Amino acid sequence: MTIRSRSRVTPYAALLPMAVVASLGYLGAGLWTFYISLTGSRTFPSGHFIGLAQYHRLFDNERWMLSLHNLAAYGALFVLASLAIGFLLAVFIDQHVKGEGVFRTIFLYPYAMSFVATGLVWQWLLTPGDGLDGAIRALGFEHFRLDWIVSQDHAIYTVVIATVWQASGLVMALMLAGLRGVDPEIWKAARLDGIPAWRVYAQIILPMLWPTVATVLLLLATAVAKLYDAVVAMTQGGPGIASEVPAKFIMDHLFLRSNVGLASAGAIVLLVPVLALLAPYAYARSRKEAA
Amino acid sequence: MYGTRRWLLGAWLCASAVAAHAGPRAEVIHWWTSGGESAAVKQVEQAYRAAGGTWVDSAIAGGDQSRAVTINRIIGGNPPTAAQFNTSKQFLDIIEEDLLNPVDDIARRDHWDQVLPAPIIDVIKVRGHWYAVPMNIHMQTWIWYSKSAFAKAGIAREPASMDELFADLDKLKAAGLIPLAHGGQAWQEILLFSMVLSNVGGRDLYLKVIRDRDQGAIRSDSFRKVLVAYKRLQAYVDPASPGRNWNDATALVISGKAGVQIMGDWAKGEFIAAGQSPGRQFGCLPGLGADSPYLIQGDVFVFPKTDDPAALRAQKLLADVVDRSAVQLAFNKLKGSIPVRLDADDSRFDACARKGMAILRDPQRPVGVAEVYLTPDQNGALQDVLTAFWNTNMPVERAQNSIASALRY
């Protein structure tokens with residue numbers, strides 16, 4: 001074996017364990033889940049094949065359909081709001097305000113907390129009679145009412161508020177890093193031309209930050225698909241089933257309701273949009289590399 | 001002095017070491033973690049020690065959590081000696097996978113066929129074998145009421161029908177009180193529904209819907225009436241009820257701010273802890289009318305399969321200890337439930353528990369709660385529909401259809 005060929009083998013040898021774990025752990029588990037979703041498994045996985053019956057049952061289930069609906073509404077609002085607030089925070093901090101470090105810490109702090117802690121804090125803040133509702137009424141606004149968390153139509157939006165509050169700090173940190181990477185010459189040139197700052201941000205800086213935005217979008221999108229603990233901590237899916245989400249449906253059926261088959265079908269359905277988002281991305285990348 | 005103490009300590013250490021080697025050693029997973037519950041399970045532990053065994057306590061807070069751990073350990077090949085489950089279909093799959101040891105000899109010796117209520121037997125006896133030792137019975141749909149609230153609203157006697165209950169709730173509302181203290185969580189809503197179904201629909205309809213999952217009965221007009229009555233109760237609940245815990249709802253009744261709560265007999269522990277006593281500050285009604293069905297459930301111990309002779313000995317001894325009337329009495333007095341053996345002496349129980357024991361001995365009245373007849377999955381699907389119906393403006397027809405489809409699988 002020559003030195004050259006050995007040096008070509010070494011990186012592959014180093015990558016192999018990760019590749020094996022990833023393919024067994026992710027691909028294997030995915031295929032296994034798909035297989036289980038075609039069986040009548042209850043508490044234990046079983047080989048009793050029943051075709052697509054679990055999927056049929058899944059889409060016959062009102063709670064599942066409502067969960068998908070909730071996830072779509074939540075996802076759109078959460079991603080847009082986190083992105084907008086995070087970007088604006090980054091722009092403000094980028095104006096070289098005094099005490100920048102303090103603000104950065106304050107804004108990033110929520111991200112250091114778990115969703116469960118965030119959820120519990122907001123649950124308390126939003127409970128009618130206590131928290132915000134009580135405090136504002138105590139200030140003399142007798143008719144003020146903030147009862148979203150116990151309302152059928154608004155409960156899911158309280159989850160949006162809490163999770164945006166948590167995630168926008170991270171978006172800010174990433175965006176700020178991007179902004180700091182912008183060449184100061186661009187600003188000088190824009191100032192000489194007399195272009196207002198907001199137009200520089202909107203038309204020059206933001207397009208330049210596209211790779212950062214793509215990273216942020218990817219992070220936020222995974223947070224959407226995973227949404228579980230914030231809902232459990234804040235509303236437990238209630239009132240009624242108003243704020244249920246797919247991940248909670250899956251967890252409930254896996255662990256509490258002893259229906260591994262139905263839970264697996266749900267997990268596969270949840271995987272489909274992720275793949276649908278990922279496929280065009282991978283395709284674009286491969287096109288770029290080929291070019 | 002110092003020397004004596006050291007000697008005593010040494011002797012004690014030796015003795016406990018010997019005891020650990022000599023007697024059977026049982027690791028027990030259970031979820032009796034609240035104050036009253038852990039005091040109750042201590043009684044079983046002491047009895048097991050007195051019988052020569054060593055008790056290794058694995059308490060895991062939360063029934064769901066505890067059952068998940070038990071099932072994972074059984075699958076993983078490291079099962080506990082014994083584990084708690086509810087008297088329900090929660091462990092049916094484990095029996096069907098042949099992962100539990102039967103307790104037939106104890107069941108035969110103590111004539112379980114004669115001394116246990118029928119709904120309990122139906123759950124623990126599978127294909128002729130007994131697979132669990134029942135510990136206690138909870139009656140889940142007691143109607144608790146505050147005497148002071150009833151007096152304030154001018155209610156002179158206990159309601160004996162659903163119409164009378166509605167009339168009383170109206171009076172409570174007129175008196176400016178919360179008529180029905182309700183914790184707005186899905187499991188409490190199915191409990192409330194079960195009370196309405198058994199009292200308005202009667203025993204036959206209850207069993208047809210919950211046990212037989214009879215599509216015709218679910219689509220019948222009498223079941224529709226049940227759903228309407230259930231939904232009508234919602235008008236008597238305060239707006240802050242969604243998400244509330246059961247004990248916070250009980251606190252409303254204790255303080256006299258609310259009139260009535262429908263909850264299992266564990267609520268009695270809250271009244272007693274607040275220094276109230278049955279018949280004086282609060283009342284307990286086992287149902288509306290003299291022949292209302294009595295909805296029961298309870299806890300059991302199961303014994304995961306093992307061939308290890310030491311573990312088998314530990315399981316046998318535990319099954320024997322748990323089935324003793326004296327142990328069940330000591331346990332249930334602290335737990336707030338009642339013994340599963342109908343031949344137990346109940347003279348030292350409070351008025352509510354004695355009422356319950358008397359009803360239990362009438363074979364016509366006890367039926368199981370939904371979990372007794374439905375798999376966890378079916379029960380959960382039913383719960384989803386009921387909580388959605390309770391909390392939204394869902395039309396009755398749609399609720400009826402959704403229940404039919406939830407119970408079809």
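Treating cross-link reach as a plain straight distance, find the lysines whose alpha-carbon is under 28 Å from the alpha-carbon of B:LYS171, omitting any fewer than eight places away in the same chain.
B:LYS147, B:LYS152, B:LYS225, B:LYS231, B:LYS257, B:LYS268, B:LYS355
In the range A:234-291, with Lys and Arg counted as +1 and Asp and Glu as -1 at Cβ, which of these residues, A:LEU254, A:PRO273, A:TYR283, has the Cα nearest the positive end of the dipole, that is, farthest along it?
Value computed over the given set: A:TYR283.
Compute the long axis of helix B:396-406 from its Cα atoms, compare it with the longest principal axis of the Cα atoms of chain B, and write down the angle in degrees, 0 to 90, nearest 10.
30 degrees
Using Cα centres only, tell me the gap between the range B:316-331 and the range A:251-285 in whole Å.
47 Å
Within a Cβ distance under 15 Å of A:GLN95, other residues only, what is the Lys/Arg minus Asp/Glu net charge? Can you show the working numbers first?
Details: positive: A:LYS98, A:ARG104, A:ARG180, A:ARG191; negative: A:ASP94, A:GLU100.
Surrounding charge for A:GLN95 is +2.
Which angle from 0 to 90°, rounded to the nearest 10, does the C-alpha axis of helix B:2-22 make with the longest principal axis of chain B?
With both axes taken from Cα atoms, the answer is about 70 degrees.
Once every DSSP H run of n ≥ 4 in the protein assembly as shown is given -39500 (n - 2.57) and the sum is divided by its residues, what mean residue ellipticity at 222 nm do you get, rounded to the nearest 500 deg cm²/dmol?
-18000 deg cm²/dmol
So if I place +1 on the C-beta of Lys and Arg and -1 on the C-beta of Asp and Glu, and nothing else carries charge, what would the dipole magnitude of the protein assembly as shown be about its Cα centre? I want it in debye, nearest 20.
Approximately 1040 debye in magnitude.
Among residues other than A:GLN236 whose Cβ falls under 14 Å from its Cβ, what is the net charge (Lys/Arg +1, Asp/Glu -1)?
Overall, the nearby charge balance is -3.
List the chymotrypsin sites (Phe, Trp or Tyr not before Pro) within the range A:137-224 that fall in a DSSP loop (any state other than H, G, I, E or B) and whose Cβ has at most 13 other Cβ atoms within 10 Å.
A:PHE141
Between 0 and 90 degrees, rounded to the nearest ten: what's the tilt of helix B:325-335 against the longest Cα principal axis of chain B?
For helix B:325-335, the angle is close to 50 degrees.
Go through the range B:99-130 and name the trypsin sites (Lys or Arg not before Pro) that are in a DSSP coil and have 13 or fewer other Cβ atoms within 10 Å of their Cβ.
Hits after loop and neighbour filter: B:ARG127.
With only Lys, Arg, Asp and Glu charged, each at its Cβ (+1 for the first two, -1 for the last two), find how big the charge dipole of the range B:173-300 is about the Cα centre; round to the nearest 20 debye.
Dipole about the Cα centre, nearest 20: 340 debye.
Where in chain A are the helices, taken as whole DSSP H runs, whose Cα atoms extend 27 angstrom or more along the long axis and whose Kyte-Doolittle mean reaches at least 0.0?
Sorted by number, the helices that extend far enough and score high enough are A:3-22, A:62-93, A:155-180, A:260-290.
So how far, in whole Å, is the C-alpha centre of the range B:82-145 from the one of the range A:213-227?
Going from one Cα centre to the other spans 48 Å.
Rounded to the nearest 0.05, what FRET efficiency is calculated for A:PHE59 and A:ILE204 with R0 set to 41 Å and r the Cβ-Cβ distance?
With R0 = 41 Å, the Cβ-Cβ based efficiency is 0.30.
Please compute the length gained on full extension between A:ARG145 and A:ILE195, using 0.36 nm multiplied by the number of residues separating them and subtracting their Cα-Cα distance.
Taking 0.36 nm per residue and subtracting the Cα distance, the gain is 13.5 nm.
Starting from the residue with the highest accessible area, list B:TYR131, B:TYR48 in decreasing order, probe 1.4 Å.
B:TYR131, B:TYR48
Percent antiparallel among DSSP beta bridges with both residues in the protein assembly as shown, to the nearest 5?
The antiparallel fraction comes to roughly 60 percent.
Separation of the range B:357-396 and the range B:217-284 by C-alpha centroid, Å?
For the range B:357-396 versus the range B:217-284, the Cα centre distance is 15 Å.
Listed highest first by mean packing, meaning other Cβ atoms within 10 Å per residue, what order do B:136-146, B:347-357 come in?
B:136-146, B:347-357
Just how large is the dipole of the range A:40-128 about the Cα centre, in debye to the nearest 20, putting +1 at every Lys and Arg Cβ and -1 at every Asp and Glu Cβ?
Around 180 debye, computed over the range A:40-128.
Among A:ILE36, A:SER114, A:VAL91, which residue has its Cα positioned farthest towards the positive end of the charge dipole of the range A:29-142, with +1 placed on the Cβ of Lys and Arg, -1 on the Cβ of Asp and Glu, and the dipole taken about the Cα centre?
Value: A:ILE36.
Zone of B:LYS42 (label point 7 Å along Cα→Cβ, backbone N under 20 Å): which residues in the range B:304-323?
Inside the label zone: B:322.
The values are calculated or read from the model by the stated rules, or taken from the named source; none is laboratory data. Computed from a prediction, not measured in an experiment: that's the story for all the values here. When we count neighbours, we look across all protein chains shown, and the Cβ atoms used for this are built from the backbone with ideal geometry, even at glycine. Heads up: the accessible areas ignore ligands, DNA and RNA and are worked out on the full protein's heavy atoms, side chains in. Shrake-Rupley method; radii C 1.70, N 1.55, O 1.52, S 1.80 Å.
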